[in-house]
Amino acid sequence: MTKTVTSTLTLSGRKFSKKELIGIQQTIKTFPNLSLTELAQTICEHLSLDNGTEPQ
């Protein structure tokens, strides 16, 4: 079951926009057979996150 994204979310001081959260949902739907590690790496790539740093 997918919840509709209605607002932003802040995790560990990083604010995720509604657009980013929708993108994460779409990635999960697109690649349902990836392992949790591969999924996390893919999402980080899409968000331009690397080793805990934010996009520049």
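Readers should treat all values here as calculations from the given coordinates under stated rules, not as data from a laboratory. Keep in mind the model is a prediction, meaning the values are calculated, not measured. All Cβ positions, glycine included, derive from the backbone under ideal geometry; neighbour counts span all protein chains shown.
Structure data summary
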quantity	calculated
Placed amide H near L47: partners under 5 Å, 5+ positions off or other chain	none
Surrounding net charge for L9, when Lys and Arg each add one and Asp and Glu each subtract one, Cβ distance under 13 Å	+4
Peptides 23-30, 6-13 ordered by average Cβ neighbours within 10 Å, highest first	23-30, 6-13
